[in-house]
Amino acid sequence: MFNDKILNSINDIIKNQEIYLVGGYLRNYFIKNKISKDRDLVCLKNAEITAKKIATKLNGTFIELDKENQIYRVVLDDKENYFDISNAVENNILKDAQRRDFTINSIFYNINKKEFFDPLNGINDIKNKIIKTYNLKNLDDDPLRYLRMYRFMSQTGFNIEKELENYTKINFKKVLACAKERINYEIIQIFEGEFLIETLLKMYENEALEIIFPFIKEIKRVPSNSHHHLDLVHHSIETVKNIRINNPILKIAALYHDIGKPSTWTIEPQGRHRFIGHDIKGSKLAKKELTELKFSNKQIAYICKMIKYHIYPASLINCGDDKKAYARFIRKLGDETPDIIELSRADRLSAKGIAVSKKMIDLSLNHLQNLLNYYNEVQTFVKNPKSLLNGNEIMKILNIKPSKKIGIIMEMLKEAQLTGEILTKKQAINFIKNIK
């Protein structure tokens, strides 16, 4: 922290002022000995003037976040590092500390005096790995803090003080009054956390998960069955747990992957639970909820694609090592092929009902690995497909006029190249001549 070049570069601006470093920068320093890219500064006066001077010195962009409460931001050229500069509450550093969300964010460092000010024992709470607040009413100053509490749990693995947890449970619905964009930011932060699973389980226990994700109310109606040892909520969380790729959007897709099951749920006379078409139905249901939560169009398309095709890889097991079936799958999924295979693998590992043997699971996992291996072999061609014949050549060879048939033939040719059936131009010519 003392060697932070960006922080040290503003020493001449803040000298002779009572300015404190506070918030996430110090929290992360004490938890992980890690320097953050966001630096919160609290001044006893002149926050606006100080922010403008920092912007000029560092060639940054000055942004007025809240004129009334005197909160300003300076974004540096790299668009990653930034300062948030504000005046202390009532120009009193102790009152400022007492109004902050959690004690772990109420540690101050006087930059000029080079000394810490920790009136609420935040450093001690970090050592004890606990999230608590000085005043429960502080959370109502910004109801998003009820959700942010879970973000800190996901990022740190800290326990939540029981009184705070109970108060949050009673008041959590207040989060819904916040801008959906802000809620979306916290959701993604939660899903990036190292302690995500513990946090999701705690949120479910406290009924917070179904407030943020309304579909949870529906899927919790579906119990365990012969093919699933867990009820549908815990199966979904277990699927998130089994995702190995560090991708928060894929993990969100894993939580949503069975959203279509309640509306497609039937029980056969012999007692087997069926969910025919839940993949297609689920992709449509998820789109509406994700849109309301302000996910981007790109993120929504990705998650819905994961839901729609999450059982596709497993369905190919009946094809053995049929390269044509593999090729069709890869053509349809494209760059998302590894992610959909990973989701299918996580789903398989999360369903171990009494009707599912270890042999069945091992067979599925081996099949998925073979499918992934095949994708890795052909991915260069998939990303940069170079057809051995173009449309004009096909028309000339077959003596046909422009039509939809040309596109169909080129797709068939591409699939044959993917499977290794065709490797040369001569083979390609013979192939199209034999298409019926």
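The values are calculated or read from the model by the stated rules, or taken from the named source; none is laboratory data. Just so it is clear, the model here is predicted, and its values are computed rather than measured. Note that each Cβ is placed from the backbone with ideal geometry, even for glycine, and that neighbours are counted across all protein chains shown.
Looking only at the range 109-121, which residues are in contact with a Leu (Cβ under 7 Å, 6 or more places away or on another chain) and either surrounded by 22 or more Cβ atoms within 10 Å (Cβ to Cβ) or assigned to a loop (DSSP other than H, G, I, E, B) (or both)?
Of everything in the range 109-121, those that are in contact with a Leu (Cβ under 7 Å, 6 or more places away or on another chain) and either surrounded by 22 or more Cβ atoms within 10 Å (Cβ to Cβ) or assigned to a loop (DSSP other than H, G, I, E, B) (or both) turn out to be I111, P119.
So which residues in the range 209-260 are outside any helix (DSSP H, G or I), farther than 21 Å from G353 by Cβ and of a type in the set (K, R)?
R244
Quick check, is L418 among the aliphatic types (A, V, I, L, M), closer than 20 Å to P313 by Cα and either at pLDDT 90 or above or surrounded by fewer than 17 Cβ atoms within 10 Å (Cβ to Cβ) (or both)?
No, not satisfied.
List the helices (runs of 4 or more DSSP H) that sit entirely inside the range 347-422 and contain at least 2 residues that are in contact (Cβ under 8 Å) with a residue 40 or more places away in the chain. Before the answer, list the steps.
Working: elements: 358-383, 391-398, 404-418.
Fully inside the range 347-422 and qualifying: 358-383, 404-418.
Kindly check whether there is at least one residue in the range 219-236 that is under 25 Å from T337 (Cα atoms), surrounded by fewer than 22 Cβ atoms within 10 Å (Cβ to Cβ), of a type in the set (A, V, I, L, M, F, W, C) and out of contact with any Leu (no Cβ under 8 Å at 6 or more places or on another chain).
No, the range 219-236 contains no residue that is under 25 Å from T337 (Cα atoms), surrounded by fewer than 22 Cβ atoms within 10 Å (Cβ to Cβ), of a type in the set (A, V, I, L, M, F, W, C) and out of contact with any Leu (no Cβ under 8 Å at 6 or more places or on another chain).
State all residues of the range 275-301 that are of a type outside the set (S, T, N, Q), in a helix (DSSP H, G or I), closer than 20 Å to F191 by Cα and touching a helix residue (DSSP H, G or I) at 6+ places or on another chain (Cβ under 8 Å); if no residue qualifies, say none.
Result: A286, K287, E289, L290, E292, I300.
The conditions are (1) in a helix (DSSP H, G or I); (2) outside the structural domain of E161 (by TED's automatic domain parsing); (3) among the hydrophobic types (A, V, I, L, M, F, W, C); (4) buried (at least 21 other Cβ atoms within 10 Å of the Cβ), and F191 fails exactly one of them. Which is it?
Single failed check for F191: (2).
Being of a type in the set (A, V, I, L, M) and either in a helix (DSSP H, G or I) or at positive phi (or both) is the filter here; which residues of the range 423-436 pass it?
Residues satisfying the conditions are A428, I429, I432.
Taking T266 as meeting all but one of (1) surrounded by fewer than 16 Cβ atoms within 10 Å (Cβ to Cβ); (2) modelled with pLDDT of 95 or more, write down the number of the exception.
Of everything listed in (1) surrounded by fewer than 16 Cβ atoms within 10 Å (Cβ to Cβ); (2) modelled with pLDDT of 95 or more, T266 misses just condition (2).
Restricting attention to the range 76-111, which residues are among the β-branched types (V, I, T) and under 19 Å from L136 (Cβ atoms)?
Answer for the range 76-111, where residues must be among the β-branched types (V, I, T) and under 19 Å from L136 (Cβ atoms): V89, T103, I104.
Can you go through N399, N430, N392, N370 and tell me which one is over 29 Å from S315 (Cβ atoms) and at pLDDT 90 or above?
N392
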